[in-house]
Amino acid sequence: MKKSLYILCVISLSSAIFYASRQSVRFDKVPLASGHRGADAIAPENTMASADSCIKYAVGNIECDVRISKDSVFYLLHDSTLDRTTNGTGLIKERLSAYIDTLDAGSWFGPEFAGQRVPRFADLLRKAKQSGMKLVVDFRDGDMHKLLKLIKEEGMLENCNFSFYEESDAKRFRTIAPEVKTLQAYVRSIDLLEHVIDELKPDIIVVHIDSLTPEFVRRCRAHNLQVAALVLGLDDKTDANRKAVELGVDIVATDRPEAFVMKYGRGGARK
């Protein structure tokens, strides 16, 4: 009986040591969580309520879409039109700020968010700076020089990553702001990795979690590039998040940043 108990204890201790060693390796580096359009599963996308939700859960990054009004004011809006996420209509680039500032950008998501406005980008810059957050600036349209000037005036240049929908915009950005070392570039598959690196000279490679492999990460590291995994969607992302963590990516871009942080912590540093 004593011998059986002793063997059981040894087995239990060995299992505990093995599990702990796997945990220490697996979670040696926790990626920085990046809220896609904020925390858009629990608050309307690209609003201050969404940004505040990220701050509440200590999410490391806030990704936001930036567009410009007719009178050259930068706003947070994903679509080219105001129709889907506000009670306004028309192309934002054809609307004046006096009109945009009156719109409700929260009621479509839920009555508790009625009265949320379309945020000015300058206001988010200030909130992020005050809260110690980083921003992923997804440039949609506007004067790129003016955008950079605004970011610099708010003292946030070193705390912004830059993403571009159009490849031509990314190339232009690299030309006008060669000092910026946070240019992101999306890569659909490992076969396109070298092409994107040659064409855009990015600092961060963004890849969908389904296309991410150890070899993909290894090749990015060989070029001294950071890796951001896209884990988008509102369904359960437990397995996808675990895969991103185990592959050692630097950033996890997700619609559920609060869930990622609650599971793994804020990230961004070795534990």
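The values are calculated or read from the model by the stated rules, or taken from the named source; none is laboratory data. Being a predicted model, the structure only gives us computed values, none of them experimental. FYI the Cβ positions are ideal-geometry reconstructions off the backbone, even for glycines, and counts take in every protein chain you see. Keep in mind that these areas ignore ligands, DNA and RNA; they rest on the heavy atoms of the full protein, side chains included. Shrake-Rupley method; radii C 1.70, N 1.55, O 1.52, S 1.80 Å.
For the reader, a short list of remarks on this structure follows.
- For the chain, the 222 nm mean residue ellipticity estimated from helices alone, with every DSSP H stretch of n ≥ 4 adding -39500 (n - 2.57) and the total spread over all residues, rounds to -11500 deg cm²/dmol.
- Magnitude of the charge dipole, segment 157-271, Cβ model with Lys/Arg +1 and Asp/Glu -1, debye to 20: 480
- Among the GluC sites (Glu not before Pro) found in segment 169-271, those both in a DSSP coil and sparsely packed, with 10 or fewer other Cβ atoms within 10 Å of their Cβ, are 179.
- Oblate is the label for segment 66-131, because the ratio a/c of its alpha-carbon gyration tensor axes (a ≥ b ≥ c) is 1.5 or higher and a/b is not greater than b/c.
- Accessible carbon and sulfur surface of the chain relative to its total accessible area, %, 1.4 Å: 54
- Within the straight-line cut-off of under 21 Å between alpha carbons, the lysines reachable from residue 243 are 29, 263, 271, sequence neighbours fewer than 8 places apart in one chain being disregarded.
- Protection proxy ranking, highest mean first, for peptides 114-122, 54-62, 150-158: 54-62, 114-122, 150-158, where packing is the per-residue count of other beta-carbon atoms within 10 Å, averaged.
- Cα-based shape type of segment 160-271, given that a ≥ b ≥ c are square roots of the gyration tensor eigenvalues and the cut on a/c is 1.5: prolate
- In order along segment 145-158, phi translates into HN-Hα couplings of 4, 5, 4, 4, 4, 4, 4, 5, 4, 8, x, 10, 4, 6 Hz, rounded to whole numbers, per the Karplus curve 6.51 cos²θ - 1.76 cosθ + 1.60 with θ = phi - 60° and x for Gly and Pro.
- With all protein chains kept in place, the per residue accessible area of segment 44-171 amounts to 44 square angstrom at a probe of 1.4 angstrom.
- Kirkwood-based Rg to Rh ratio, the chain, C-alpha trace: 1.07
- Under a 5 Å amide H cut-off, with hydrogens placed 1.01 Å from N, residue 75 pairs with 67, 68, 69, 121 among residues at least 5 apart or on other chains.
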